[in-house]
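FYI, it's all coordinate maths here, none of it is from the lab. In this text the structure is predicted, and so the values were computed from the model without any measurement. With ideal geometry, Cβ positions are generated from the backbone for all residues, glycine too; neighbour counts draw on all protein chains shown.
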Ligand code: AMP
């Protein structure tokens, strides 16, 4: 696997692949890889001849109060995992390669970034769309794979690609979970043993909500109030939000209408660790 640190070298590498009629698939990550990330590599591989993964812990998507400096890192392990998975190139730029002195250009998606993650983390999506744009210009992929785990992020990037006419096809891959249902996340490493058990409340709550909707409950208020009560009973859990949105528009909804698709979205602190999870339901 080739390890590339400069944007220019990354561009040259992809350009020469594309000139040789190779399709380039791209998986952006912040590293500390798990099977969820590696499943994205497989999706990229299905469509592409060359798979590029980036590892970059992006400072602009973290607020000053968040866990940027503590974010878990293990480049040796990540490199080995990617190599075993057959990745062709790892793009691993330094922070000042991406954000050199006097950097001052940001990409913002206006509406769907306001609520949910955007409301809890006001500068987050601007950081995400900016880094994804920079990475797209560096890696020049034909395909880019993102996880449904970050459902709102996937919707925001889909909007950005459409609005700015990036000539890239997006693939949104399903959530990979541990055997007991916890969504895989680099942040799960922060959880103590007790918190790891408490963290099951996220997936459990989503499945209970799904069951209620399937058995005919249409009031989102009723559904979420019940869920809030159950989460209150878990010692280390502190709910940030739980919401039901139209799967296409991401607009929050009060009433479930038969025949439509929704995301149930949730963010919850388990101790000091903020976890997100979601479930797509077709009514
Ligand atoms: P991150 O390193 O957390 O920024 O994630 C990089 C990519 O992996 C994003 O597109 C995430 O949505 C995706 N991802 C993270 N966790 C999972 C998971 N459990 N299953 C599938 N994709 C995931």
*Suppose R0 equals 35 Å; then what is the FRET efficiency for residue 96 and residue 193 from their Cβ-Cβ distance, rounded to the nearest 0.05?*
0.35
*Post the alpha-carbon centroid distance, segment 121-176 to segment 180-222, in whole angstrom.*
25 Å
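Packing-wise, with mean Cβ within 10 Å as the measure, how do 243-252, 144-153, 30-39 rank, highest first?
Values: 243-252: 15.9, 144-153: 22.7, 30-39: 19.8.
Final packing ranking: 144-153, 30-39, 243-252.
Starting from the Cα-Cα distance between residue 235 and residue 260, subtract it from 0.36 nm times their residue separation and give me the gain in nm to one decimal.
Gain in length upon complete extension: 5.5 nm.
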*Overall Cα dimensions of the chain, principal axis frame, Å, largest first*: 56, 40, 38
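How much length would be gained if the chain were fully extended between residue 251 and residue 12, taking 0.36 nm per residue of separation minus their Cα-Cα distance, in nm to one decimal?
Numbers: separation 239, 0.36 × 239 = 86.04 nm, distance 4.07 nm.
Additional length available on full extension: 82.0 nm.
Kirkwood Rh over Cα pairs of segment 164-283 into Stokes-Einstein at 20 °C, 1.002 mPa s: D in µm²/s?
140 µm²/s
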_Need one word for segment 171-241: rounded, prolate or oblate. Basis is the Cα gyration tensor (sqrt eigenvalues a ≥ b ≥ c); a/c below 1.5 gives rounded, then a/b vs b/c decides._
oblate
*If you take all C-alpha pairs in segment 68-222, what percent of them are over 24 Å apart?*
50 percent
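For the pair residue 108 and residue 22, what calculated FRET efficiency results from E = 1/(1 + (r/R0)^6), where r is the Cβ-Cβ distance and R0 = 35 Å, to the nearest 0.05? Before the final figure, lay out each step's value.
Working: r = 33 Å, r/R0 = 0.94.
Computed FRET efficiency for residue 22 and residue 108: 0.60.
Which of 270, 7 has the fewest other C-beta atoms within 10 Å, and how do the rest follow up to the most? Mind showing how you got there, number by number?
Values: 270 27, 7 18.
In order of increasing Cβ crowding within 10 Å: 7, 270.
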*What is the pair-distance distribution P(r) of segment 1-124, computed from all Cα-Cα distances in 5 Å bins starting at 0, with each bin given as a whole percent?*
2, 9, 17, 19, 19, 17, 12, 5, 1, 0
*Which of 232, 170, 265 moves the most in a Gaussian network model of the chain with Cα springs under 10 Å?*
232
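Within the P(r) computed for segment 53-151, what percentage of the Cα pairs occupies the region above 15 Å? Could the numbers behind the result be given before it?
Details: 3383 of 4851 pairs.
Tail of P(r) above 15 Å: 70 percent of Cα pairs.
So if R0 is 30 Å, what FRET efficiency would residue 170 and residue 120 give, r being the distance between their Cβ atoms, rounded to the nearest 0.05?
On the way: r = 24 Å, r/R0 = 0.81.
Result of the calculation: an efficiency of 0.80.
Taking a quarter of the surface of the convex hull around the Cα atoms of segment 132-186, what do you get in nm²?
Numbers: hull surface 17.1 nm².
Here the figure is 4.3 nm², rounded to one decimal.
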